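Quick notes on the structure that follows.
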Amino acid sequence: MISFNNISLDARISAAKTRMQDAFNVLKDEMQSDKVGYYKLPVSSLAHIEEIKKIDTSSFEQIIVIGIGGSSLGTKAIDSLLRQMHPDAKEMIFFENSDPLTISNNIAKIKKEKACFFVISKSGGTIETTSIFKTLIKHLYLDLDGVDSHRVFAITDANSPLSNFAKHHKLKEFNIPDNVGGRFSVLSAVGVVPLSMAGYDMELLLNGANDFLENFFDGKEEHLVEKANSLYENAKRENISVLFSYADSLENFTKWFVQLWGESLGKIDVHGDRVGLTPIGLIGSVDQHSFLQLIIEGPKDKRVTFIKIDNFENDFCIPDISLEGIEKTDFINDTSFNTLINAQCDATIQSLKESGVTADLISIGEISEKNIGALMMYFELLTSLVGSMFKVNTYNQPGVELGKDILYKNLGNK
């Protein structure tokens, strides 16, 4: 005899509805009270675009970005996605890591007289950023008080050490709002200024983000709250969040997601419990041949979100050629690679569902500024919703600060 208790089931449904409404209300309060500033960036950052129009950028052919984590990942993601649409955009070179080989190789690419430099650090004292900046000053003989002052820009918090440095040398400075954390700052001056300088239409991107934001707070994106609730309810069982992106140009976007998700949700909650969802970024179809086996037959501890691009706006096709001995693949001849990669994505989704792995799909019609803006806002809002349900401070990073303190102590005692 089997007995079903509908009272308990109804209670769970009721609890879920209450949880979703509470999380939505938390975000609404954060936005209306200015506790969290990223909600306002799609509108407030338009002013930075107007500022850039006043700067003579005609001599700049290279945009050098010096920053790490939230000061570079989002900007790099947008550049990777939009460059295929705008091949004439100015070259962007990113100095992120302390790897000496990468630093020296990147320095060799710089044409000093045709480059502008963005030093980006919210705190104004990030050790990787300041160390690389010092290196560029020395090796490129940057004269910050003379002929090179017009080509060096600072993006930081107001009155930070970097801000004070910029004022001392009379460098152009753009500020990050105090209530915007680094990993949520891509739509602030951090991303908008260098990308606009590179030639991308950041106004369209901001508009795309704002349209999605407004739809969300108007109650037109219920799927987002429902997904957040599902992630929360299954967090103990499905504690690994996989973003499986089917386009090489989305690789840097997945890296941006990994920081946003991991640094925001991996916390100690109000009850003193350790919570979080481990993010993993994969690229299809490449990782079908590396990680997919683990997802399908390994522990059922993963939830997968797929991203695919419906129209790559490229008609490159597989030639109608038969190769002796491997004719079994001839059925794909004359098919576009656009069709192939999306068929691979669809087949992978189906294989996961048949294997009992939770999966959902985000389809992007085509790569455009507006779609990228909406996609970034989608993941920022989703992160905030899940953080609210986890009862954590989504916007701090005490674990990262601990590592910084240890590094400073260790290096200071060398």
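The values are calculated or read from the model by the stated rules, or taken from the named source; none is laboratory data. This one's a predicted model, so the numbers in the text were calculated from it and none came from an experiment. Note that we place each Cβ from the backbone using ideal geometry, even for glycine, and neighbour counts take in every protein chain shown. Surface areas here come from the heavy atoms of the whole protein model, side chains and all, with no ligands, DNA or RNA. Shrake-Rupley method; radii C 1.70, N 1.55, O 1.52, S 1.80 Å.
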| query | In segment 123-145, what residues are open to solvent by 30 Å² or more (accessible area, probe 1.4 Å) and out of contact with any Leu (no Cβ under 9 Å at 6 or more places or on another chain)? | reply | Glu128, Ser131, Lys134, Thr135, Lys138, His139, Tyr141, Asp143, Asp145
| Going through segment 282-297 one residue at a time, which ones are surrounded by fewer than 19 Cβ atoms within 10 Å (Cβ to Cβ), in contact (Cβ under 8 Å) with a residue 60 or more places away in the chain and touching a strand residue (DSSP E or B) at 6+ places or on another chain (Cβ under 9 Å)? | Ser285
| query | How many of the residues in segment 146-170 are open to solvent by 20 Å² or more (accessible area, probe 1.4 Å) and among the aliphatic types (A, V, I, L, M)? | reply | 2
| request: Please determine, by comparing only the residues of segment 251-279 that are polar (S, T, N, Q) and more than 12 Å from the chain's Cα centre (by Cα), which one is surrounded by the most Cβ atoms within 10 Å (Cβ to Cβ). | output: Ser264
| said: Please determine whether any residue of segment 97-107 is assigned to a helix (DSSP H, G or I) and buried (at least 21 other Cβ atoms within 10 Å of the Cβ). | reply: no
| request: Taking the residues in segment 56-95 that are open to solvent by 50 Å² or more (accessible area, probe 1.4 Å) and outside any loop (DSSP other than H, G, I, E, B) as candidates, determine which candidate is farthest from Gly125 (Cα to Cα). | output: Glu91
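Results for (1) within 24 Å of the chain's Cα centre (by Cα); (2) of a type outside the set (Val, Ile, Thr), shown as yes or no for each residue.
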| residue | (1), (2) |
| --- | --- |
| Cys345 | yes, yes |
| Ile349 | yes, no |
| Leu352 | no, yes |
| Gly365 | yes, yes |
| Ile372 | yes, no |
| Glu380 | yes, yes |
| Ser384 | yes, yes |
| query | Can you name every residue in segment 21-55 that is open to solvent by 40 Å² or more (accessible area, probe 1.4 Å) and in contact with an Asp or Glu (Cβ under 8 Å, 6 or more places away or on another chain)? | reply | Lys35, Lys40, Leu46
| message | Here are the criteria: (1) in contact with a strand residue (DSSP E or B) (Cβ under 7 Å, 6 or more places away or on another chain); (2) open to solvent by less than 40 Å² (accessible area, probe 1.4 Å); (3) charged (D, E, K, R). Tell me which single one Asp310 does not satisfy. | response | (2)
| message | I'd like the full set of residues that are of a type outside the set (Ser, Thr, Tyr) and surrounded by fewer than 11 Cβ atoms within 10 Å (Cβ to Cβ), limited to segment 318-329. | response | Pro319, Asp320, Ile321, Leu323, Glu324, Gly325, Ile326, Glu327, Lys328
| Meets criteria (open to solvent by 40 Å² or more (accessible area, probe 1.4 Å), in a loop (DSSP other than H, G, I, E, B), in contact with a Ser or Thr (Cβ under 9 Å, 6 or more places away or on another chain) and modelled with pLDDT under 95) for Asp315 | yes
| note | Residue pairs qualifying under the 6 Å Cβ cut-off, at least six apart or on distinct chains, with the first in segment 37-54 being under 20 Å from Met197 (Cβ atoms) and the second being of a type in the set (D, E, K, R) and at pLDDT 95 or above, are Ile49/Glu203
| Considering only segment 126-150, how many residues are within 22 Å of the chain's Cα centre (by Cα) and either outside any helix (DSSP H, G or I) or among the basic types (Lys, Arg) (or both)? | 1
| Among Leu381, Leu375, Leu407, which is surrounded by fewer than 20 Cβ atoms within 10 Å (Cβ to Cβ), of a type in the set (A, V, I, L, M, F, W, C) and touching a residue at least 40 places away in the same chain (Cβ under 8 Å)? | Leu407
| From the list Ala77, Ala89, which one is touching a Gly at 6+ places or on another chain (Cβ under 6 Å) and of a type in the set (Gly, Ala, Ser)? | Ala89
| field | Residue within segment 389-400 that is open to solvent by less than 20 Å² (accessible area, probe 1.4 Å) and either free of Cβ contacts under 8 Å to residues at least 24 places away in the same chain or in a helix (DSSP H, G or I) (or both) present | value | yes
| query | Which of (1) under 19 Å from Ile55 (Cβ atoms); (2) free of Cβ contacts under 8 Å to residues at least 24 places away in the same chain is the odd one out, the single condition Ala154 does not satisfy? | reply | (2)
| message | Show the residue pairs meeting these rules: Cβ distance below 8 Å; 6+ apart or different chains; first residue within segment 331-344 and farther than 15 Å from Tyr246 by Cα; second residue part of a helix (DSSP H, G or I) and open to solvent by 40 Å² or more (accessible area, probe 1.4 Å). | response | Ile332/Leu340
